[in-house]
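Below is one structure, written out as structure tokens, with a few remarks after it.
The values are calculated or read from the model by the stated rules, or taken from the named source; none is laboratory data. For clarity, every value in this text was computed on a predicted model and none was experimentally measured. Cβ placement follows ideal geometry from the backbone for every residue including glycine, while neighbour counts extend to all protein chains displayed. Side chains are part of the model used for accessible areas, which takes the heavy atoms of the whole protein and leaves out ligands, DNA and RNA. Shrake-Rupley method; radii C 1.70, N 1.55, O 1.52, S 1.80 Å.
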Amino acid sequence: MADNPFDLTGKVACVTGANTGIGQGIAVALARAGADVALVARRDPADTVAMIEDAGRKAAVIMADLSSIEPCERIVSETVEALGGFDILVNNAGIIRRNDALDFTEDDWDTVIDTNLKVLFFLSQAAGLHMAGHGGGSIINIASMLTFQGGIRVASYTASKSGVGGLTKLLANEWAAKGITVNAIAPGYIATNNTAALQADADRNRQILERIPAGRWGEPGDLGGAAVFLASDAARYVQGHILAVDGGWLAR
């Protein structure tokens, strides 16, 4: 093991949904640990690029719509072409639809499942094919508190994140012997665009804060250390684990 097992110098990471929020926080943390980073986004992630370059690392932008599996193989090939490798995949991109289960539509179901679960699997597959032929790598999926709990009014999101937990374990089982670590981070309540409606709801916001031992919403940067750990040699014997970064929510 290296003198600093958390050092990612010489590694190439790819982070989906990297223009804001959790994806941006993780991408910047990986860059500060030494990795060059490919940013997959539907909108120009100019701010994230600037932060990575300020950290002294290279950034590549891959514009892609992850509502279908069409761009999965291209994301891997363009990352390799732009940055010279593909060592770390962070499956962060995700969407949420809110409605009572009695009123949930097929579109609300399919749209979320396709982005959060189907595309995550096939992008992992494309990355895994590359990693298996190049000495291994690390895949980090972004799960959720709803990987462990049911939630309310988010049927397809809960189903997708429960599926992410299961896929994380399955891929770890299949790929550990190929030198690929597969783990997940389960963020608690993080202040992002996806949680804006909850933050704006005074009653729900109060209920959430009362449940979090840390007494505050998380920030995207709070997930950076967990991502660096799981991407690094320090976690080379960690497989199929779902690491909660939640301010103590699950411990309550």
Just need a number here: residues in the range 136-152 that are within 11 Å of Val90 (Cα to Cα) and not small (Gly, Ala, Ser). 4
So which pairs qualify, if the first residue must be in the range 137-148 and more than 26 Å from Lys11 (Cα to Cα), the second must be among the β-branched types (Val, Ile, Thr) and not in a loop (DSSP other than H, G, I, E, B), the Cβ gap must be under 7 Å, and the two must be at least 6 apart or on different chains? Leu146/Thr158; Thr147/Val164; Thr147/Ile242
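Test Leu66 against the criterion of being under 14 Å from the mean Cα position of the chain (by Cα) and open to solvent by 10 Å² or more (accessible area, probe 1.4 Å), and give yes or no.
Against the criterion (under 14 Å from the mean Cα position of the chain (by Cα) and open to solvent by 10 Å² or more (accessible area, probe 1.4 Å)), Leu66 qualifies.
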Inspect the range 157-177 for any residue being acidic (Asp, Glu) and not in a helix (DSSP H, G or I) and give the result as yes or no. no
Mind listing whichever residues of the range 193-233 are among the polar types (S, T, N, Q) and free of Cβ contacts under 8 Å to residues at least 12 places away in the same chain? Asn205, Gln207
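To keep it simple, each residue is scored yes or no on (1) closer than 21 Å to Ile96 by Cα; (2) small (Gly, Ala, Ser).
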position	(1), (2)
Phe148	yes, no
Ala184	yes, yes
Ala202	yes, yes
Ala227	no, yes
Filtering the range 215-252 down to residues that are assigned to a loop (DSSP other than H, G, I, E, B) and open to solvent by less than 60 Å² (accessible area, probe 1.4 Å), which residue is farthest from Gln149 (Cα to Cα)? Ser232
Could we say that Leu209 is open to solvent by less than 50 Å² (accessible area, probe 1.4 Å), assigned to a helix (DSSP H, G or I) and of a type outside the set (D, E, K, R) here? no
If you go through Thr105, Thr111, Thr9, the only one that is in contact (Cβ under 8 Å) with a residue 40 or more places away in the chain and of a type in the set (Val, Ile, Thr) is Thr111
Subset of the range 12-50 [open to solvent by 10 Å² or more (accessible area, probe 1.4 Å) and farther than 24 Å from Asp233 by Cα]: Gly17, Asn19, Thr20, Gly21, Arg42, Arg43, Asp44, Ala46, Asp47, Val49, Ala50
Subset of the range 137-156, residues open to solvent by 20 Å² or more (accessible area, probe 1.4 Å), not hydroxyl-bearing (Ser, Thr, Tyr) and not in a loop (DSSP other than H, G, I, E, B), comes to Leu146, Ala155
